[in-house]
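What follows is a single structure, written as structure tokens, with notes after it.
The values are calculated or read from the model by the stated rules, or taken from the named source; none is laboratory data. Here the structure is a predicted model, which is why all the values come from computation and not from measurement. So basically every Cβ, Gly included, is an ideal-geometry build from the backbone, and we count neighbours across all protein chains shown.
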Amino acid sequence: MKCPFCGSVENKVIDSRLSQGDEVTRRRRECEGCARRFTTYERIELVLPLVVKKDARREPFDRLKVMAGLRRACEKRPVAWEQLDKLVDQIERALVESGEKEIDSSRIGEEVMRGLKELDQVAYVRFASVYRSFKDIHEFMAELSQLLTHPKGDSE
């Protein structure tokens, strides 16, 4: 591991802990060159399916892209980043467990919306308004009516 301060590759691990539901290992390190401390995070690299975009392009699943969309939707909302990280972990796990080699981006979007609906309904509406590209106010109002009728994804 390269020191972010001096560039030395000589360092020692001072402390290791599991975090984020035992999915990530947090390591506190000390550089033997400059004696400064820094933290690294280790996550198991999962074999994720390719994402098939609306225009039929295929690209690797990008956790950071999903997280950026969630953060925009939750801006100035009482949702902790840890909750968003946990939601992305759940989506990744579901993708891996599906065993599919390719998955439509729309399925990922629907999973994100399902999770947001549970976390924060305002963030859900924000995300849905961009993701679903409502054509007019009537489509938007229909989505809001559905949310008021079935909060948190209740089917009946």
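Quick notes on this structure:
- Here Arg37 passes the criteria (1) out of contact with any Asp or Glu (no Cβ under 6 Å at 6 or more places or on another chain); (2) among the basic types (Lys, Arg); (3) not assigned by TED's automatic domain parsing to the domain that holds Leu95 except the one numbered (1).
- Residues in segment 118-138 that are modelled with pLDDT under 90, touching a Phe, Trp or Tyr at 6+ places or on another chain (Cβ under 9 Å) and part of a helix (DSSP H, G or I): Val125, Ala128, Ser129.
- Filtering Leu70, Leu147, Leu95, Leu84 for residues that are outside the structural domain of Val24 (by TED's automatic domain parsing), over 19 Å from the mean Cα position of the chain (by Cα) and surrounded by 15 or more Cβ atoms within 10 Å (Cβ to Cβ) leaves a single hit, Leu147.
- In segment 16-40, the residues that are in a strand (DSSP E or B) and acidic (Asp, Glu): Glu30
- Any chance Gly7 is of a type in the set (Gly, Ala, Ser), surrounded by fewer than 11 Cβ atoms within 10 Å (Cβ to Cβ) and either touching an Asp or Glu at 6+ places or on another chain (Cβ under 8 Å) or over 23 Å from Gln90 (Cα atoms) (or both): yes
- Only a single item in (1) crowded, with 17+ Cβ neighbours inside 10 Å; (2) within 25 Å of Val24 (Cα to Cα); (3) out of contact with any Ser or Thr (no Cβ under 7 Å at 6 or more places or on another chain); (4) in contact (Cβ under 8 Å) with a residue 24 or more places away in the chain is not met by Val47, and it is number (1).
- When each of Val112, Val79, Val13, Val47 is tested for being under 17 Å from Val130 (Cβ atoms) and not in a helix (DSSP H, G or I), the lone residue that passes is Val79.
- For segment 52-67, filtered to residues that are assigned to a loop (DSSP other than H, G, I, E, B) and among the acidic types (Asp, Glu), the residue that is surrounded by the most Cβ atoms within 10 Å (Cβ to Cβ) is Asp62.
- Remark: pairs (first residue in segment 108-132, more than 22 Å from Leu50 (Cα to Cα) and free of Cβ contacts under 8 Å to residues at least 40 places away in the same chain; second residue of a type in the set (Phe, Trp, Tyr) and crowded, with 17+ Cβ neighbours inside 10 Å; Cβ separation under 6 Å; 6+ apart in sequence or on different chains) = Lys117/Tyr124.
- Looking across segment 34-58, just one residue is touching a strand residue (DSSP E or B) at 6+ places or on another chain (Cβ under 9 Å) and acidic (Asp, Glu), and that is Glu42.
- Of all residues in segment 103-142, those satisfying the criterion of being in contact with a Lys or Arg (Cβ under 7 Å, 6 or more places away or on another chain) and not small (Gly, Ala, Ser) are Lys117, Glu118, Asp120, Val122, Tyr124.
- All of (1) buried (at least 18 other Cβ atoms within 10 Å of the Cβ); (2) farther than 23 Å from Glu23 by Cα; (3) hydrophobic (A, V, I, L, M, F, W, C); (4) in contact (Cβ under 8 Å) with a residue 40 or more places away in the chain hold for Val79 with one exception: (2).
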